[in-house]
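A short write-up of the structure that comes next.
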Amino acid sequence: MKKVSPIVLALVLAVSMVVLAWSAPASAQTRIQLDFATFWPAGDFQAAIGHKTWMKTIADRVKAETDYEIVWTEFYGVHPAKLLDGIEAGTYDVGTSGPGYSPGVFPMWAGPQYPGEAYRRNAYTMSLTIQALHEQMPELQAQFDRTKMKLMHFWSTGPGYFLMTPGKDVRTLADFSGKTIRAANPASVECIEALGAKTLFAPMSVALERFEAKLIDGILCPTDTPKGFGLGAYVRHVTFAPFSYHFVFFKVMNKDAYDRLPAKVRTIFDQVNAAYPAYYGQLRTWGEADGLEYMKGLEGFSYYDLRAENPTEYAKWVAATAGLIDKWIGGDAKKKAVWNKFLELDKYYNTTPPYSTWTHSWPTKPVPPPGKK
């Protein structure tokens, strides 16, 4: 048998190592690990469908179009106010919350969430309105300039409902007296108090404890919460009052984490984010309808469309809260500009096709867009 020279063997091994290095999977060396945190429970449609679809869309495009790979670590049920602290501190890279959960950080965002005679047709048109409002109002963009967070995108709930426990239905102003109702943001606190009830301003985890202890009588919120957050164990009566409620959500990223992303990856994030206010709005419209269907199966369920069934009483509710937005504006020109632009955009998206004519096909979920390339 012919012996192989040690020098030749060394050369062969060196060349083989170079070839293997070039042919090794790039993902092993270019993996980007990111944390995603949200206050929604893992089983809620917003998390299980919406957030997971957003993460997968990002990961799939990054893997297909770049030499990088995104790997997500997910955290659910995080306290919404503490979540923002975690984003700014770098504990989490990406997270979802809303300005109503941190009113001192985003004071200008209170205005669009006040009760008022806006259109507020569904979560889709409301999400488009809120995203456009941010893009057109420097006063709102400046709310992020003093933070360590990079905005990904906005979206919104649909209009308001009072979800009440058995025997605690509200159909007239007099019905609010002596009741305690949970509010998700300062605007909802003022709305509920103007209607004559007491408020509990607290995260959903605290609200669930109070419901279980029979210390609160209802909640002002969209109709997905009985199924997604377990409120179906407590609430039975639904009163539709669209003027009363608006809650804004956003997805944000730690600025340093965003800046560290390779340029191609940042571009993909930006392109996907541009498509998601519409998708999340459509998904929430579907999810809120799904929640209402779930409630219809609960013993003792009742539904009351106050605006349609008793327009005179509905007008009294609207009148009781009519001065709240003027009180918030208080002669401040910037606040007035934000409210006026909100009304302008709300009217546009609710009266202009194809936005105003869009409807979801129950029970078919909307198809997520890939984001513009």
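Taken together, the values in this text are just the output of simple stated rules run on the coordinates, not laboratory data. Bear in mind that the values here come from a model prediction, so they are computed numbers and not experimental data. All Cβ positions, glycine included, derive from the backbone under ideal geometry; neighbour counts span all protein chains shown.
Ordering 358, 109 from the fewest to the most neighbouring beta carbons within 10 Å gives 358, 109.
Computed from the Cβ-Cβ distance with R0 of 30 Å, the FRET efficiency linking residue 274 to residue 296 stands at 0.25. Taking a sphere under 11 Å around the Cβ of residue 166 and counting the other residues whose Cβ falls inside, with K and R at +1 and D and E at -1, yields a net charge of 0.
Note on the chain: GNM, Cα springs under 10 Å; of 307, 146, 266, the largest mean-square fluctuation is that of 146. For log10 I(q)/I(0) by the Debye sum over Cα atoms at q = 0.07, 0.08, 0.11, 0.14 Å⁻¹, the value calculated from this model appears in (i) -0.39, -0.50, -0.85, -1.14; (ii) -0.35, -0.44, -0.77, -1.21; (iii) -0.30, -0.40, -0.73, -1.11 under label (ii). Short-range pairs are left out: with C-alpha atoms under 8 Å and at least six residues apart, the relative contact order of the stretch 58-174 is 19 percent.
Between 131, 282, 141, the residue with the greatest mean-square fluctuation in the GNM of the chain (Cα pairs under 10 Å linked by springs) is 141. Each Lys or Arg adds one and each Asp or Glu takes one away; over the other residues whose Cβ falls under 13 Å from the Cβ of residue 89, this sums to -2. The count of lysine pairs in the stretch 190-284 with alpha-carbon distances below 23 Å, taking only pairs 8 or more places apart or on different chains, stands at 5. Put the Cα centre of the stretch 121-193 next to the Cα centre of the stretch 305-341 and the gap is 13 Å.
Simple point charges give the picture: +1 on the Cβ of Lys and Arg, -1 on the Cβ of Asp and Glu, and for the chain a dipole about the Cα centre of about 840 debye.
Mind scanning 179/365; 316/347; 56/335; 82/347; 52/82; 82/296 and naming the pairs with a C-alpha gap bigger than 30 Å?
Numbers: 179/365 36 Å; 316/347 23 Å; 56/335 38 Å; 82/347 35 Å; 52/82 21 Å; 82/296 34 Å.
Too far apart for the 30 Å limit: 179/365; 56/335; 82/347; 82/296.
In degrees from 0 to 90, rounded to the nearest 10, what is the angle of the helix 52-65 Cα long axis to the longest principal axis of the chain? With both axes taken from Cα atoms, the answer is about 30 degrees. Among 260, 120, a tally of other beta-carbon atoms within 10 Å of each Cβ gives an order, fewest to most, of 260, 120. Bridging of residue 148 to aspartates and glutamates at a Cα separation below 14 Å is possible for 85, 88, 93, 256, 259, once same-chain residues fewer than 8 apart are set aside.
When the chain is treated as a GNM with alpha-carbon contacts under 10 Å, the residue of 188, 244, 361 showing the greatest mean-square fluctuation is 361.
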